[in-house]
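Report on the structure given below.
Any read-out appearing in this document is the output of simple, stated calculations on the displayed coordinates, not a laboratory observation. The structure displayed is predicted, hence computed values, not measured ones. No Cβ is skipped: glycine too gets one built from the backbone with ideal geometry, and neighbour counts run over all protein chains shown.
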Amino acid sequence: MSNPIQVITRVEVEPAHLNDHQALVPALDALEKREIAPEEMFADTTYNSGDNLIAAAAQGVEFMASTPDKTDPDGIGLGHFDLDLKELRVCACPEGARPIRSRLGKDQMTRNLRFDPERCAICPLTDDCPAGKQGGRLRVHPRDIATVYSRVREESETFKKAYAIRAGSNRPTLSARRPMDWARCGLGASFGWLKRFLRYSCARILGNVLEMVQNAA
Ligand code: SF4
């Protein structure tokens, strides 16, 4: 057994109308307050979201859960674009075209991209590409790229092995094992950038996300 010592560190009863993914940040905050935040947190799929990945990483926690909303294996999604995982932004489309315009949205986080509509119109992928279907327009939030990252990470053998600790549990299961060795994940150095970015540079993003959520509430 990979976790021979199992201790319940927190119990919270939630009303039925709350989504599971809303429980993660309060749990992390409570554990950090008590100075028992884990190095790794494993949870059910319903706890995973791009925002939670960013929030956990901002607190230095490896949040591992399988990714909801599986993509169509035959479709074209954000994962097919060339992504800069350091800046959490799109560099080029699947056809190698760079955006001709990139503007930050009002929330200062969402990027409103525009690819050359003339090129999109004659592109063989236009009917399947999320930008092609919108005349070259694409809106991307950092949480979308974090979700792509989660999806790719999920396919790694290292993740699958680590995630086996989740078997049989229905609530976030915490462990204090050594963090994953990302070099062995097969995700490449670029995902190492994302990991470092998420861990050390996302406090501002997290703050903005939380503020947006609070304002919307
Ligand atoms: S439709 Fe446009 S954005 Fe999409 S792959 Fe083709 S050229 Fe790129």
Note the per residue figure in Å³ for the convex hull of the C-alpha positions in the stretch 78-143.
77
Local net charge near Ala37, Cβ-Cβ under 12 Å (Lys/Arg +1, Asp/Glu -1)
-3
Estimated FRET transfer efficiency when R0 is 45 angstrom, pair Leu125-His17 (beta carbons, to 0.05)
0.65
Amide H to amide H under 5 Å from Ala92: which residues, 5+ apart in sequence or cross-chain, H placed 1.01 Å off N in plane?
Asp82
Considering only the other residues whose Cβ falls under 11 Å of the Cβ of Asp128, what net charge follows from Lys and Arg at +1 and Asp and Glu at -1?
-2
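Give the calculated FRET efficiency between Leu104 and Glu155 to the nearest 0.05, with a Förster radius of 35 Å applied to their Cβ-Cβ distance.
On the way: r = 31 Å, r/R0 = 0.89.
About 0.65, to the nearest 0.05.
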For a quick check: with amide H placed at 1.01 Å from N, whose amide H comes under 5 Å from Glu62's, ignoring anything fewer than 5 positions away on the same chain?
Glu40, Met41
